[in-house]
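The values are calculated or read from the model by the stated rules, or taken from the named source; none is laboratory data. Computed from a prediction, not measured in an experiment: that's the story for all the values here. Every residue, glycine among them, receives a Cβ derived from its backbone with ideal geometry; neighbour counts consider all protein chains shown. Quick note on the areas: whole protein, heavy atoms, side chains included, nothing else; ligands and nucleic acids left out. Shrake-Rupley method; radii C 1.70, N 1.55, O 1.52, S 1.80 Å.
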Amino acid sequence: MTVKAELPATPIEDMYRALPSVSELLQKEPIQSLLPSYAHAAVVHACRAALSEMRAEIAKGIPRDKLAARLDALPQIILNNLTEAPRYSLRPVVNATGVLLHTNLGRAPLSRKALEHAVEVACGYSNLEFDLDNGERDQRDVHVELLLLQLIARYGSGVTRETHRAIVVNNCAAATFLALHALAKGKEVVVSRGELVEIGGGFRVPEILQESGALIREVGTTNKTRAIDYEHAVTPNTALILRVHQSNFSMEGFVERPSLEDVVALGKRANIPVFEDHGTGLFVALDPHGIAGEPTLPASIRAGCDLVAASGDKLFGGPQCGILIGRKRLVDQIRKDPLFRTYRVDKLTYAALEATLHQYLAAATDEIPSLHMLGISADEIAQRCRHVCNRVENANLHTEFVETESAIGGGTTPKARLKSFAIALKHASHNANELLRTLRQLDPPVIARIEDGQVLLDLRTVEPERDDFLINALNRLSFSDSARGHLQA
Ligand SMILES: *Cc1c(COP(=O)(O)O)cnc(C)c1O
């Protein structure tokens, strides 16, 4: 071994030897002055990363005379790496699609209050499962259960904790599955053939039923199911009557479906609970926005539904979760299911949900972003579009504002449209797909849509604070070479 050490060093070995050690780097300015404000391990990690980059450069054959300058710059590089914000994969985007609950864009944005409460609760410890009165263990659902029941009572159904309970799981798919598993495993569930639907993202009612262990008892036909069909299907082994909200499609023509009241009435006669997969979680009717007939969750409870499952991040406008509200006996039974524990949600969700429920109870639903955007008038959007168009001065970009329609999305209200306005973009030398891609490369990325060969930016779903960003971005739009390669992407 000593033989090798005595050999004259090759130039490349000399270069490796010129590299400082981590402990030498830590003594150098400006690294040393970073030490009090950064975790020691993070600074060491940044030093190691920079050194290993230098080793790679030497291996690639950096000229000897360049090395000294690179070494001098090393502390500054380390400083930059440490202080630079990480480039996250999950990033905010500007939703200019006009789709309010865009499943690919995170569905309902959370309200400020919901976020602030989540930050406040999650930054430290909380009484998530702790009763502050008696110092004993408690259930995490207490933080939202009463509020949910109060909110339902507010909308016309006198539910109390004596009669009803509410629990929260990860999402509505989990809520539906869990309810079927806990209440109907090995027993029959009567469901209309017109409601054996696929909701999207792989949620298919027949598959969920099957996986839950319940036996599907299909009644009626795809287009027509009558109350009498349910009645004939009930046997001593029937555990539930399932009703699924046809939230993401509509049927026209020769169609019939009993009212929820009729289904509830026959459930009462047969002594079988009625479970509704409500989906949207809508609390406040959409009729004032010109969308008629979209059923609300409180209306289902008022109609006498025994158990209802809903999403937290659709028309409720809260965090992703699944809400189960129903008769005490049924919810207690679901809570006892061993699988309940596997769908448990985090303190972040409870905090955001609790704050959102308070906003509903304080009649401050306009602070809930998706509900607010739903209510913005087309005139107001037109004004913003005109303002943006007037301030874009880009010789290659033609902008005009056009009338369009926003959609609610998120697998809800398939036919509902809200009158809106959009900025239509046309570029002198780039087609609509290239433009769309270039908008996605902005920071934050702008997600738009193409209609009739034009790129449309529907401002209903764009926070007004972003308008100036849009103006700047459109004025300075530049196309990377890669945009060409994705003509049809
Ligand atoms: C959206 C929807 C679901 C799925 O809800 P997630 O919260 O996304 O799991 C289930 N059922 C109905 C009727 C729905 O509309």
Distance in nm between pseudo-label sites at S377 and N80 (7 Å out along the Cβ direction from Cα): 5.2
Carbon + sulfur, % of accessible area of the chain - ligands and nucleic acids excluded, 1.4 Å: 51
Quarter of Cα convex hull surface for the chain, i.e. mean projection, nm²: 34.3
Coordinate range along principal axes, alpha carbons of region 119-188, Å, largest first: 45, 30, 25
Extreme residue, positive dipole direction of the chain, given options I31, I325, A362 (C-beta unit charges): I325
Distance (nanometres) between label positions extended 7 Å along Cα→Cβ at Q441 and D14: 4.4
Distance (nanometres) between label positions extended 7 Å along Cα→Cβ at F249 and E261: 2.9
Accessible area in square angstrom per residue, the chain, 1.4 angstrom probe: 50
Cα centre as origin, Lys/Arg/Asp/Glu Cβ charges: the chain dipole, Debye: 720
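Which of the peptides 363-371, 471-479 is most tightly packed, and how do the rest follow, judged by the mean count of other Cβ atoms within 10 Å per residue?
363-371, 471-479
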Given charges at beta-carbon only (K, R positive; D, E negative), |dipole| of region 173-215 in Debye: 100
Charge dipole (debye, nearest 20) of region 145-191; +1 at Cβ of Lys and Arg, -1 at Cβ of Asp and Glu: 20
Binned Cα-Cα distances of region 365-489, short to long, each 5 Å bin given as a whole percent: 2, 11, 21, 23, 19, 13, 8, 3, 0, 0
Whole-number percent relative contact order across region 301-407, with pairs defined as alpha carbons under 8 Å at least 6 apart: 18
Between region 195-237 and region 13-28, the alpha-carbon center distance in angstrom: 70
Translational diffusion coefficient (Stokes-Einstein; Kirkwood radius from C-alpha pairs) of region 170-325 at 25 °C, 0.890 mPa s, in µm²/s: 157
Alpha-carbon gyration tensor eigenvalues x 5, square-rooted, for region 55-189, Å: 53, 22, 18
Contour minus Cα-Cα distance for N127 and Y38 (0.36 nm per residue): 29.0 nm
Kirkwood hydrodynamic radius of region 220-302, from inverse mean 1/r over distinct Cα pairs, in Å: 14.1
Cα-Cα over 24 Å, subset of K347/K415; K187/K268; K113/K336; K185/K314: K347/K415; K113/K336; K185/K314
For peptides 32-38, 149-155, sequence by mean Cβ density within 10 Å, most packed first: 149-155, 32-38
In sequence order, calculated HN-Hα J values of region 189-196 (Karplus, 6.51, -1.76, 1.60; Hz; x Gly/Pro): 10, 8, 8, 6, 4, x, 10, 7
Extended-chain gain in nm, criterion 0.36 nm per residue less alpha-carbon gap, Q333 and L90: 83.7 nm
Largest to smallest principal axis extent of the C-alpha atoms in region 325-436, angstrom: 66, 33, 29
Two-site FRET efficiency, E211 against H232, from Cβ-Cβ distance with R₀ of 30 Å, rounded to 0.05: 0.70
Calculated from backbone phi, Karplus (6.51, -1.76, 1.60) coupling profile of region 205-216 in Hz, x at Gly/Pro: 4, x, 5, 4, 4, 4, 5, 6, x, 7, 9, 6
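Which order do the peptides 166-179, 263-276, 13-26 take when ranked by the mean count of other beta-carbon atoms within 10 Å per residue, highest first?
166-179, 263-276, 13-26
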Cα-derived Rg to Rh of region 162-254, Kirkwood definition: 0.98
Kirkwood hydrodynamic radius over Cα pairs of region 1-135, then Stokes diffusion coefficient at 20 °C and 1.002 mPa s, in µm²/s: 106
